[in-house]
Amino acid sequence: VAALRHDLAAVIVAALLVGGTFMVITQAGMVAARRLAGAAAPRAAALMTAAFAAGQIVGPLLAAWAARLGASLPQTLAAGAVLLALSAWGLGKITAARGSAGHNAVDPRGKTP
């Protein structure tokens, strides 16, 4: 949107479209944390928020470091994608080792296993 028009309305529409997707993803993550962590949901939400904040700080620092070493933007983005995939894989291994969702899990019907 903002690439096609250069006025305040385009910026507002772009912000709503981008911001809306972030809100949906964040809310879905919090719902999943509540469902999977059961009574420990507030702690899970706090950990997710802290991890997100750390990524917001560390990610640009690593990208700047990579650029300083001569990496191009596509190379830096590819490295970020690899780190994200490795993180997802590691989280999957941890979750599987704990027997699906962990000892505090609540099944979709709201019952504790």
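Out of the residues in the stretch 55-113 meeting the condition of being surrounded by 10 or more Cβ atoms within 10 Å (Cβ to Cβ) and at positive phi, tell me which one is modelled with the lowest pLDDT.
GLY102
Take the conditions over 20 Å from ALA53 (Cα atoms), at pLDDT below 85 and assigned to a helix (DSSP H, G or I) and apply them to GLY38. Does it pass?
Taking the combined requirement at face value, the residue satisfies it.
Residue check: is ARG5 among the basic types (Lys, Arg), in contact with a helix residue (DSSP H, G or I) (Cβ under 6 Å, 6 or more places away or on another chain) and either surrounded by 13 or more Cβ atoms within 10 Å (Cβ to Cβ) or not in a helix (DSSP H, G or I) (or both)?
No, not satisfied.
Kindly establish whether ARG43 is modelled with pLDDT of 85 or more, surrounded by 10 or more Cβ atoms within 10 Å (Cβ to Cβ) and among the charged types (D, E, K, R).
yes
Select from the stretch 27-58 the residues that are more than 17 Å from ALA88 (Cβ to Cβ) and touching a residue at least 12 places away in the same chain (Cβ under 8 Å) and list them in ascending order.
MET30, ARG35, ALA37, GLY38, ALA39, ALA40, ALA45
The values are calculated or read from the model by the stated rules, or taken from the named source; none is laboratory data. Nothing here was measured: the structure is a model prediction, and the numbers come from that model. Cβ coordinates were reconstructed from backbone atoms using ideal geometry, including for glycine residues, and neighbour counts include every protein chain displayed.
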